[in-house]
1. Name the residues in the stretch 76-127 that are closer than 18 Å to Thr53 by Cα, loosely packed, with under 13 Cβ neighbours inside 10 Å and modelled with pLDDT under 95, would you?
2. Could you grab the pairs with beta carbons closer than 7 Å, sequence gap of 6+ or different chains, first residue in the stretch 75-86 and under 18 Å from Asp45 (Cα atoms), second one buried (at least 16 other Cβ atoms within 10 Å of the Cβ)?
3. Report, ordered by the first and then the second residue, all pairs with beta carbons closer than 6 Å, sequence separation of six or more or different chains, a first member in the stretch 16-36 that is touching a residue at least 60 places away in the same chain (Cβ under 8 Å), and a second member that is exposed (fewer than 13 other Cβ atoms within 10 Å of the Cβ).
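The values are calculated or read from the model by the stated rules, or taken from the named source; none is laboratory data. What you are looking at is a predicted structure, and each value in this text was computed from that prediction instead of being measured. Note that each Cβ is placed from the backbone with ideal geometry, even for glycine, and that neighbours are counted across all protein chains shown.
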Amino acid sequence: MTEVLQKLWDVRVFLAAVVLFAVGFVTLLLHRNLMKKIIGLNIMDTAAYLLLTALGFIEGRLSPIVLGENTDPLLYVNPLPAGLVLTGIVVSVSVTAVLLALTVRLYKRYHTLDLDVIYATAMKEHGVN
């Protein structure tokens, strides 16, 4: 039993990323409120960043800042996952800003955030059955 618990403890960050991604995905799929969908998308983004960060970490290695004479690449972690996470955060903040702006415009026009009501009203406005 302790062996199973130790294995679960070793992969706890990966499990957290999977659970976060699943929560975000379910929120994105099942909720009709546009704000909840945006929150679900942000939770999924966070899970992806957590997974990339966890994969980039290597126990016992130093951050990739070379200060001395030792330039052996085996002493340092790979800086690429950190760069991908930072780039992803910038992109997701931009996407969230655009989605929130569109949500505000939809609310001003249709006075609701329910996606089904917005869709039905838009179809009625354009004469589509």
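1. Matches in the stretch 76-127: Pro79, Leu80, Gly83.
2. These pairs meet every condition: Pro81/Leu52; Pro81/Gly56; Ala82/Gly56; Leu84/Leu52; Val85/Tyr49; Val85/Leu52.
3. Arg32/Asp116
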